[in-house]
Amino acid sequence: HQENEFDPAIITTKIFDWNIAGVHGDHDKPNQVVRNISMMTHRTYDLMLTAHLHHFSCDEQNECVVISNASLTGTDSYAKNLRLSSHPSQNVIIVTPENPVEAIYRITV
């Protein structure tokens, strides 16, 4: 068991030598999450995981890969009210000693 060091809504961990952070995403826009969490925690990250928008996306910001997960249930009333939709899916991310994101597999149901 690992305690959330900074906030109950921010998880940080290390896999191999990669710094990884995860947030739900309701407080951070995907294009600002790396900067916001790095500034708040005074750390740099190699991989940032987020969700909330029920939309799969992947980007890179200053050498930090940002992966947003879609929803396992697909479009719900919350997403529909925001005019967002996605197919039900989850991500499998392969992390290796050489690469924080060796591969991303989007599993759709």
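Please go through segment 45-60 and pick out each residue that is modelled with pLDDT of 85 or more, closer than 15 Å to Val23 by Cα and either open to solvent by 90 Å² or more (accessible area, probe 1.4 Å) or in contact with a Phe, Trp or Tyr (Cβ under 9 Å, 6 or more places away or on another chain) (or both).
If the condition is that a residue be modelled with pLDDT of 85 or more, closer than 15 Å to Val23 by Cα and either open to solvent by 90 Å² or more (accessible area, probe 1.4 Å) or in contact with a Phe, Trp or Tyr (Cβ under 9 Å, 6 or more places away or on another chain) (or both), then Tyr45, Asp46, Leu47 are the ones that fit.
Residues of segment 61-96 being exposed (fewer than 11 other Cβ atoms within 10 Å of the Cβ), closer than 20 Å to Gly22 by Cβ and not hydrophobic (A, V, I, L, M, F, W, C), which ones?
Result: Asn62, Glu63.
Could you list, in sequence order, all residues of segment 12-28 that are open to solvent by 90 Å² or more (accessible area, probe 1.4 Å), out of contact with any helix residue (DSSP H, G or I) (no Cβ under 9 Å at 6 or more places or on another chain) and either free of Cβ contacts under 8 Å to residues at least 24 places away in the same chain or polar (S, T, N, Q) (or both)?
Lys14
The values are calculated or read from the model by the stated rules, or taken from the named source; none is laboratory data. Only a predicted model underlies this, so the values are computations on that prediction, with no experimental measurement involved. Every residue, glycine as well, gets a Cβ built from its backbone with ideal geometry; the counts of neighbours run over all protein chains shown. Only protein heavy atoms, including side chains, enter the accessible area calculation; ligands, DNA and RNA are left aside. Shrake-Rupley method; radii C 1.70, N 1.55, O 1.52, S 1.80 Å.
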